[in-house]
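The structure under discussion appears below in the form of structure tokens.
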Amino acid sequence: MNELSVNHLLGIKYIQPEDIELIFKTADHFKEVINRPIKKVPSLRDITIANLFFENSTRTKLSFELAEKRLSADVVNFSAAQSSVKKGETLIDTVNNILSMKVDMVVMRHPNPGAGVFLSKHIGASIINAGDGAHEHPTQALLDSYSIREKLGEVAGKNVVIVGDILHSRVALSNIFALQKQGANVKICGPKTLIPKHIEKLGVSVETNLRKALEWADVANMLRIQNERLDISYFPSTREYTQQYGVTKKLLNSLDKDIVIMHPGPINRGVEITSDVADSDQAIILNQVENGVAIRMAVIYLLASKIKQL
């Protein structure tokens with residue numbers, strides 16, 4: 001398979017295992033490119049990409065922007081906090097105004113789940129979902145799986161536990177879909193109040209005891225406690241959360257195996273993981289950041305090649 005089965009990356013839910021494989025193969029090539037002295041390729045010289053961020057984001061936005069510039073695309077940045085959206089303009093009007101400037105692709109982060117799907121039905125540009133509410137964050141899940149593959153050789157058959165605030169996490173949902181499509185076993189772990197009801201219907205198992213979850217796992221993906229999304233108190237205190245669900249070096253050393261520690265960032269050091277875990281050889285957090293640029297380059301490049309055919 002040389003091209004994606006989709007014209008947009010709206011969520012992992014909508015893509016095939018073959019798409020994931022193609023994105024990874026393409027990312028392998030771009031990873032080699034970004035480690036050269038000259039990190040740019042002229043692949044997308046004739047493509048214009050608009051980054052529309054209706055929610056604050058530093059790392060994802062930077063990663064996308066870097067990926068776009070490495071591919072030589074023209075980039076337009078749009079931050080909704082300072083925009084006409086504040087004046088009551090609708091999403092479609094905002095995007096159509098941007099598209100009338102002849103934009104080929106839109107990378108969008110939006111607080112409402114399904115915003116990308118909605119938009120894809122109304123506009124002609126290719127859309128990449130950079131996070132929609134607590135729904136999906138497909139490029140994060142792809143870079144997470146890619147990082148596991150790089151560290152452990154393959155994703156199939158591996159035991160991956162996702163720890164923390166599953167309820168508010170778009171990273172968790174996208175990761176569950178991506179890992180299962182590649183044949184991994186997925187468990188989630190966290191306080192009962194932060195685990196969605198009926199999550200087992202997605203084919204994952206639930207474990208509320210962190211130690212048991214880590215004894216089972218090859219990889220632990222530690223999610224950030226998103227204080228900005230916690231409108232009510234889901235656990236007594238951060239300190240109590242850390243005592244039950246924080247990973248320390250002492251805990252890792254007490255397991256009879258080395259497990260891989262991941263974190264989508266930004267890390268609350270001392271909450272989800274201690275500094276000595278974040279900075280240890282078992283953590284692949286900085287690899288995830290580096291792989292994020294290669295994965296986003298791959299996704300943009302593959303979707304752009306479909307635009308060129310239209």
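Points to keep in mind about this one:
- In the range 144-163, the residues that are in contact with an Asp or Glu (Cβ under 8 Å, 6 or more places away or on another chain) and either charged (D, E, K, R) or at pLDDT below 95 (or both): 158
- Looking only at residues in the range 53-71 that are in contact with a Leu (Cβ under 9 Å, 6 or more places away or on another chain) and either outside any helix (DSSP H, G or I) or free of Cβ contacts under 8 Å to residues at least 12 places away in the same chain (or both), the one that is nearest to residue 130 (Cα to Cα) is 54.
- Residues in the range 253-261 include at least one that is out of contact with any strand residue (DSSP E or B) (no Cβ under 7 Å at 6 or more places or on another chain), part of a helix (DSSP H, G or I) and assigned by TED's automatic domain parsing to the domain that holds residue 182.
- Any hit, the range 168-178, residues being assigned by TED's automatic domain parsing to the domain that holds residue 281, under 19 Å from residue 273 (Cα atoms) and over 19 Å from the mean Cα position of the chain (by Cα): no
- Restricting attention to the range 88-132, the residues that are assigned to a strand (DSSP E or B) and not small (Gly, Ala, Ser) total 10.
- Pick from the range 2-35, criterion assigned to a loop (DSSP other than H, G, I, E, B) and among the hydrophobic types (A, V, I, L, M, F, W, C), ranking: surrounded by the most Cβ atoms within 10 Å (Cβ to Cβ): 10
- Summed over the range 52-87, the residues that are over 30 Å from residue 41 (Cβ atoms) and either of a type in the set (Val, Ile, Thr) or at pLDDT 90 or above (or both) give a count of 1.
- Residue 241 being outside any strand (DSSP E or B), touching a Ser or Thr at 6+ places or on another chain (Cβ under 8 Å) and not aliphatic (A, V, I, L, M): no
- For the residues 219, 206, 155, 186, the requirement of being surrounded by 14 or more Cβ atoms within 10 Å (Cβ to Cβ), more than 19 Å from the chain's Cα centre (by Cα) and over 29 Å from residue 50 (Cβ atoms) singles out 206.
- Unmet requirement for residue 220, which otherwise passes all of (1) touching a strand residue (DSSP E or B) at 6+ places or on another chain (Cβ under 6 Å); (2) in a loop (DSSP other than H, G, I, E, B): (2)
- The listed residue being within 22 Å of residue 283 (Cβ to Cβ) and not hydrophobic (A, V, I, L, M, F, W, C), out of 201, 192, 197, 187: 187
- Residue 48 being under 19 Å from the mean Cα position of the chain (by Cα), surrounded by 14 or more Cβ atoms within 10 Å (Cβ to Cβ), at pLDDT 90 or above and not small (Gly, Ala, Ser): no
The values are calculated or read from the model by the stated rules, or taken from the named source; none is laboratory data. Not measured: the values here are computed from a predicted model. No Cβ is skipped: glycine too gets one built from the backbone with ideal geometry, and neighbour counts run over all protein chains shown.
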